[in-house]
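Here's the structure, in structure tokens; my notes come after.
Only the coordinates and a few stated rules stand behind these numbers; no lab work does. It should be emphasised that the depicted structure is a prediction, and the values quoted were computed from it without experimental measurement. Note: ideal-geometry Cβ built from the backbone for every residue, glycine included; neighbour counts use all protein chains shown.
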Amino acid sequence: MPAISLLESAPIEAWSVSKPAVTGKRGVVASQNVEASMVGASVLEAGGNAVDAAIATALALCVAEPWMSGLGGGGFAVVHDAKTGTTKVVDFGMIAPRGLDPATYPIDSGRTAPADLFAWPAVLEDRNLQGHHSIAVPGSCAGYSTLLENFGSWSWADAIGPAVAMARRGHRLTWWTTLQVAAEAGWLGRYPGSSAVWLPNGLVPSAPDGPSTYLSTGALADTFERLQKVGPADFYTGDIARRLVKDLNAGGSTISADDLASYQARIIDPIVRERAGHTLNLVPGYSAGPTFAGALERLPKQFGTAKPDAETYAAYAQALIEAYKVRLATMGHAGDVGDRSCTTHLSAVDADGNMVVITTTLLSRFGSRVVLPSTGVLMNNGINWFDPRPGRPNSLAAGEKPLSNMCPMLATKNGVAAFGLGASGGRKIMPAIFQLASFIGEFAMDLAAALDQPRIDVSLIDTIIADSRLDAASLKALETVAAVRPAQAVSFPAQWAIPNAVAFGASGPSGAAHPFGPLPAAVAA
């Protein structure tokens, strides 16, 4: 019988998995849920462009993968318009309400905060993590409509159509649903609107052995139908806005009608960096884009090998750690502009070379864990991005944007879209995208090979998490930079960021999805 100490190193998962890249005549959509990717591909088949497909996919994710993103969240997009040859960023990040009072979130020094994203000190009643006080002003509806209006070809009513049908049908219940709900059942059970949807009969829903079954989305289907009929502005200034504010204020949130009415998504220029013949377009401001750019400046000008080796990984680690130190010490609304995260990412490309990458989030799994009963909208916990300690660059502040970890990236070459990617995973996102961009852009890996290539994570700064598939020489080289902890690439618990990507080249549009999860998929049209 083996010693118990030996069993502690047993793998979490013992299967071998792979997901080949796909190519399509009309284009490809990749997302973290196969149903949503299929919706996007159907839009391409019907003649929509990459942005039309991406917005339909993002809205479908509100039903298919609702613990990750939704109308109650926010995010960033990078989009390349093939007709004009321009690349822009759409910023639809969340904002703290103008009525937020930092004194509402006193440090609770008598206990340790629950495990979550950022290892902040505990706050009274975990108000920054869950419940109505954790909710920031959402931007997703504004962001999706801004993208569609400026870069799409379909109407809002057509793009939201598949999501309306899905919301009326209900959420498809899988074992992954059971896992996600079980992980947050304690907090979901505190709120009647959340319990009604996610804990029917007071129990975690169990996936069936037989044909698919569906969970009601509550009032969300009515909300989607109204948005389809009267347009996205209703979320901020109409009947939906009034219902949102009523439910938010009833629970103690200070979000006001003025907070919603004044929200606007912004179209801005990206941070641009040149590397290995590609132009890398990154999100500026309160994202991980500036940190990506800072790490890039710390790399050698070029690597002298045909594939990543021990020296390559050590260089990645050193550059990323130094950039993260600067990020955590200086970035935020009071400084430079610059895990359990349940962000989601989607990527789309069409046959004309239009490309868009969107990272959108509720922040934590199920966000605030609050489903607002009048609208069925699951709200974010964006206040958790702020440091609850006063006097710091990213401290809690009314009307400010918090520093987020999202890092969608789109690379062009000679003015044409080349590849685009992004990921979910909190602080793990940027190190993953940084390495993947290098794998694809510098080492000429195809998308599937790049997504399967072992990576490191440095978001802990003093410890490097290294994929256990790395060779001994790479692990040894990493140990010269910081302490190393090997970790397996598995579907759960998610110790790594979850990326997907699309590309456009001589063979046309292609895409690939995270190989180690059950539901991410790239679907071709």
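Tabulated data
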quantity	calculated
Nonlocal amide H pairs with GLY74, under 5 Å, H built at 1.01 Å	GLY139, SER140, THR361
Cβ charges +1 (Lys, Arg) and -1 (Asp, Glu), total dipole of the chain, debye	180 debye
Between region 416-452 and region 192-257, the Cα center-to-center distance that results, in Å	34 Å
Square roots of 5 times each gyration tensor eigenvalue, C-alpha, region 458-500, largest first, Å	19, 12, 8
Surrounding net charge for PRO162, when Lys and Arg each add one and Asp and Glu each subtract one, Cβ distance under 15 Å	-3
Estimated FRET transfer efficiency when R0 is 30 angstrom, pair GLU13-ALA398 (beta carbons, to 0.05)	0.10
Cα-based shape type of region 41-170, given that a ≥ b ≥ c are square roots of the gyration tensor eigenvalues and the cut on a/c is 1.5	prolate
For region 379-512: rounded, prolate or oblate by the Cα gyration tensor [a/c cutoff 1.5]	oblate
Net charge contributed by nearby residues that have their C-beta within less than 12 Å of ASP452 (K/R +1, D/E -1)	+1
Where only C-alpha atoms are counted, convex hull volume of the chain per residue in Å³	150 Å³
Taking region 340-392 and dividing mean pair separation by its residue count, relative contact order in percent (alpha carbons under 8 Å, at least six apart)	28 percent
Extent along principal axes [Cα atoms of region 207-278; Å; largest to smallest]	49, 46, 29
Overall form of region 465-525 per C-alpha gyration tensor (a/c, 1.5; a/b vs b/c)	oblate
Amide H within-cut-off set for ASP309, under 5 Å, with H built and near neighbours excluded	none
Karplus (6.51, -1.76, 1.60) ³J(HN,Hα), θ = phi - 60°, over region 318-324, in Hz, Gly and Pro reported as x	5, 5, 5, 5, 5, 5, 5
Among beta bridges that DSSP assigns inside the chain, antiparallel share in %, nearest 5	90 percent
Charge tally in the Cβ shell below 11 Å around MET430, where Lys, Arg are +1 and Asp, Glu are -1, MET430 excluded	+2
Spherically averaged projected area of region 123-259 from its Cα convex hull (nm²)	9.9 nm²
222 nm mean residue ellipticity, helices alone, for the chain (DSSP H n ≥ 4; -39,500 (n - 2.57); rounded to 500)	-9500 deg cm²/dmol
Residues with amide H under 5 Å from that of ALA207, placed H, sequence gap 5 or more	THR178
